[in-house]
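Notes for the one structure printed next.
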Amino acid sequence: MSTEIPLTEDVFQDELEKFRRVHEETEEAMNKYKRILKEFNNVQENVQKKTLEHRKQTKTMRKVIKFAQVSPELKAEALQEVKDVETTSNSWRSLFPSAGAFIVKLLIGGCNLRMFKPDSRQAYKMEYNTFRTFHSYFIFIANIILLLVDIPLLDLLYFIINVYFYFSFALREHILKTNGSHIRTWWILHHYLCVAMFTIYALYPRTDEYVKIRPYSFMMGIYEGIVHFLQARYQRHRVYTLITLRKIGDMEVPNQDSTPVHWNNNMIRLLPFLLLGDTIQLCYGTVLMMDYFKNRLWSEWQLVALGLVFLILAFGNTITTLITFFKSQGGKKVKYIPEWSPQFFYGTAVPSPTTSPVPQHGGPPPALSPATESVDTFNRVYHRERTKNKS
């Protein structure tokens with residue numbers, strides 16, 4: 001039996017008029033949007049041509065300065081002016097579409113990877129952080145399960161899933177780098193090496209040597225999962241604090257591969273565990289190489305390939321981590337890039353999903369909230385002294 005209440009003709013006419021009115025308003029707004037979009041594309045094309053002409057003229061001016069028969073003082077003044085103009089023009093490039101790195105173009109074509117809306121970039125960065133955290137949980141739990149049960153199909157599934165994860169990490173970090181993040185190139189290469197490593201694992205037949213090295217691989221994976229989780233936990237709060245203090249750009253991500261200023265006391269305490277993980281990889285890779293040549297396992301090319309990948313990963317991770325650490329201790333800071341801030345686009349502070357509201361350029365830094373209590377004492381004192389000097 002139907003329980004629907006019949007509608008009167010007046011209600012029907014009202015809803016029909018409302019439907020038509022909303023459609024007309026939406027259609028009008030869409031037509032306006034299309035006109036503005038067409039105008040924007042025309043302006044963008046014109047500005048790109050102007051910047052190209054500007055770049056050529058800048059190079060010509062450098063040659064003119066080099067061969068001009070003028071006084072050294074005038075040459076120095078003109079050269080400094082050209083350098084200032086080049087600094088400004090370099091920031092303009094970030095406002096145009098970009099297809100990213102060469103390998104990304106090979107994989108997905110020459111489509112635009114640059115996001116112009118701050119909210120879109122922040123949402124993408126948050127999704128990337130969530131993806132990394134999920135992967136840390138996954139490798140920790142999966143390696144425990146695979147250590148306890150020995151099912152070849154589960155091993156293969158685990159390796160294939162990790163190929164997806166690390167390949168996705170590499171592509172996402174290419175996109176983040178295109179949009180202003182300072183992810184070191186080594187760590188993107190690191191993810192491609194991990195793709196190769198898990199592909200080799202997936203192709204490894206179930207020989208006696210594979211059965212022997214299998215538990216050690218999963219035990220090492222458990223340790224890596226714990227370290228990655230702790231590292232992300234410390235760094236996520238640190239990045240939030242540094243973005244709030246405007247010491248780094250809002251597209252930095254919580255890992256040791258972004259900028260040197262991310263290192264605080266918690267990360268220094270975690271440094272031995274990071275280096276221990278790299279040492280374990282180094283020893284494991286060495287053992288695999290020794291087994292291959294000592295036991296003359298010429299048919300098992302996967303063994304020597306895995307050993308080589310582990311050695312490259314160990315050396316690369318150690319060198320990059322130590323360089324980042326020593327740069328942070330030496331006080332070298334990555335220059336903040338204002339073109340990626342909401343103020344650069346809109347002229348006003350626009351709160352983002354991961355940061356508190358930020359002041360205008362030139363204004364005082366925001367007050368330290370309870371969320372910033374983990375900032376080092378040195379950074380808090382430095383922050384207050386700098387505020388006093390500005391005022």
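The values are calculated or read from the model by the stated rules, or taken from the named source; none is laboratory data. These numbers were taken from a predicted model, which means no experiment stands behind them. A quick note on method: Cβ atoms are made from the backbone with ideal geometry, for glycine too, and the neighbour counts reach across all protein chains shown.
Out of segment 115-146, which residues are over 15 Å from Gly225 (Cα atoms) and aromatic (Phe, Trp, Tyr)?
Within segment 115-146, Phe116, Tyr124, Tyr128 qualify.
May I ask you to verify whether Arg55 is under 30 Å from Ser89 (Cβ atoms) and surrounded by 10 or more Cβ atoms within 10 Å (Cβ to Cβ)?
So Arg55 passes the test.
What pairs come out if I take residues in segment 276-304 that are part of a loop (DSSP other than H, G, I, E, B) and among the acidic types (Asp, Glu) and pair them with residues that are surrounded by 13 or more Cβ atoms within 10 Å (Cβ to Cβ) and modelled with pLDDT under 85 whose C-beta lies under 8 Å away, six or more apart or interchain?
Glu300/Tyr292
What number of residues within segment 281-300 satisfy the criterion of being aromatic (Phe, Trp, Tyr) and exposed (fewer than 14 other Cβ atoms within 10 Å of the Cβ)?
2
Among the listed residues Ile248, Ile183, Ile222, Ile243, which satisfies the condition of being in a helix (DSSP H, G or I) and modelled with pLDDT under 90?
None of the others qualify; the one that does is Ile243.
Give just the number: which of (1) under 30 Å from Leu176 (Cβ atoms); (2) β-branched (Val, Ile, Thr); (3) over 26 Å from the mean Cα position of the chain (by Cα) does Val64 not satisfy?
Result: Val64 passes all but (1).
Look through segment 142-177, keep the residues that are β-branched (Val, Ile, Thr) and in contact with a helix residue (DSSP H, G or I) (Cβ under 8 Å, 6 or more places away or on another chain), and return whichever of them is surrounded by the fewest Cβ atoms within 10 Å (Cβ to Cβ).
In this case the residue turns out to be Ile145.
β-branched (Val, Ile, Thr), assigned to a helix (DSSP H, G or I) and at pLDDT 85 or above - does that describe any residue in segment 3-12?
There is no residue in segment 3-12 that is β-branched (Val, Ile, Thr), assigned to a helix (DSSP H, G or I) and at pLDDT 85 or above.
Regarding Tyr201, is this residue at pLDDT 60 or above, closer than 17 Å to Val287 by Cα and of a type outside the set (D, E, K, R)?
So Tyr201 passes the test.
State all residues of segment 62-82 that are of a type in the set (S, T, N, Q) and assigned to a helix (DSSP H, G or I); if no residue qualifies, say none.
If the condition is that a residue be of a type in the set (S, T, N, Q) and assigned to a helix (DSSP H, G or I), then Gln80 is the only one that fits.
Give the residues of segment 92-110 that are within 14 Å of Asn179 (Cβ to Cβ) and either assigned to a loop (DSSP other than H, G, I, E, B) or of a type in the set (Gly, Ala, Ser) (or both), sorted by residue number.
Ser94, Phe96, Pro97, Ser98, Ala99, Gly100, Ala101
Name the residues in segment 26-52 that are closer than 14 Å to Pro97 by Cα and of a type in the set (Asp, Glu), would you?
Listed by number, the list holds a single entry, Glu45.
Determine which member of the set Tyr201, Tyr192 is assigned by TED's automatic domain parsing to the domain that holds Ile144, aromatic (Phe, Trp, Tyr), more than 22 Å from Thr320 (Cα to Cα) and touching a helix residue (DSSP H, G or I) at 6+ places or on another chain (Cβ under 7 Å).
From the options Tyr201, Tyr192, the qualifying one is Tyr201.
Inspect segment 30-39 for any residue being among the hydroxyl-bearing types (Ser, Thr, Tyr), outside any helix (DSSP H, G or I) and without any contact (Cβ under 8 Å) to a residue 40 or more places away in the chain and give the result as yes or no.
No, segment 30-39 has no match at all.
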